[in-house]
Amino acid sequence: MNQDDLEKSISSLSGWTVTGNALHRVFMFKDFLTSFGFMTMVAIEAEKMDHHPDWRNIWNRVEITLFTHDKGAITEKDVQLARIIDDIAKRWGS
């Protein structure tokens, strides 16, 4: 993905930032159960895409980092997964 395409794609995402060679976002939920439910739904979609996030969960907080490991950079696959994650987050109250 060239720099222009990347900037256009990222500008359409809500709350994602570029950190190094990856997309990053923090999601906040009302409690642990909600954050875990969100992560479960993201895991199902990520598995369908065979594209898995780097993430961590601390109680109601979920931090997600996306980049394509074999490319060592952000690709369209990361942007697609970020959009899916945003849709899931809306349904789960983030």
Could I have the simple spin-label model distance between residue 47 and residue 83, label points 7 Å from Cα toward Cβ, reported in nm to one decimal?
-> 2.4 nm
Summing -39500 (n - 2.57) over the DSSP H runs of n ≥ 4 in the chain and dividing by its residue number, what mean residue ellipticity at 222 nm do you reach, to the nearest 500 deg cm²/dmol?
-> -15000 deg cm²/dmol
Could you state the number of Å between the C-alpha centres of segment 35-61 and segment 70-94?
-> 10 Å
Can you give the accessible area per residue of the chain, in Å², using a 1.4 Å probe?
-> 58 Å²
Separation between the residue 11 and residue 36 pseudo-spin-labels, each 7 Å from Cα along Cα→Cβ, expressed in nm?
-> 4.1 nm
Could you work out how far apart the two model spin labels at residue 3 and residue 91 are, taking each label as a point 7 Å from the Cα in the direction of the beta carbon, and quote it in nm?
-> 3.8 nm
Taking the chain, the lysine pairs whose C-alpha atoms sit under 26 Å apart (8 or more places apart or on different chains) add up to 9
In segment 4-76, trypsin sites (Lys or Arg not before Pro) in a DSSP loop with at most 16 other beta-carbon atoms within 10 Å | 30, 71
Scan [x] 17.8, 59; [y] 13.2, 44; [z] 12.7, 39 for the value of Rg and Dmax of the Cα atoms in Å calculated from this model and give just the label.
-> [z]
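The values are calculated or read from the model by the stated rules, or taken from the named source; none is laboratory data. Since the structure is predicted, the reported quantities are computational estimates derived from the model, not experimental observations. When we count neighbours, we look across all protein chains shown, and the Cβ atoms used for this are built from the backbone with ideal geometry, even at glycine. Side chains included, ligands, DNA and RNA excluded: accessible areas come from the protein's heavy atoms. Shrake-Rupley method; radii C 1.70, N 1.55, O 1.52, S 1.80 Å.
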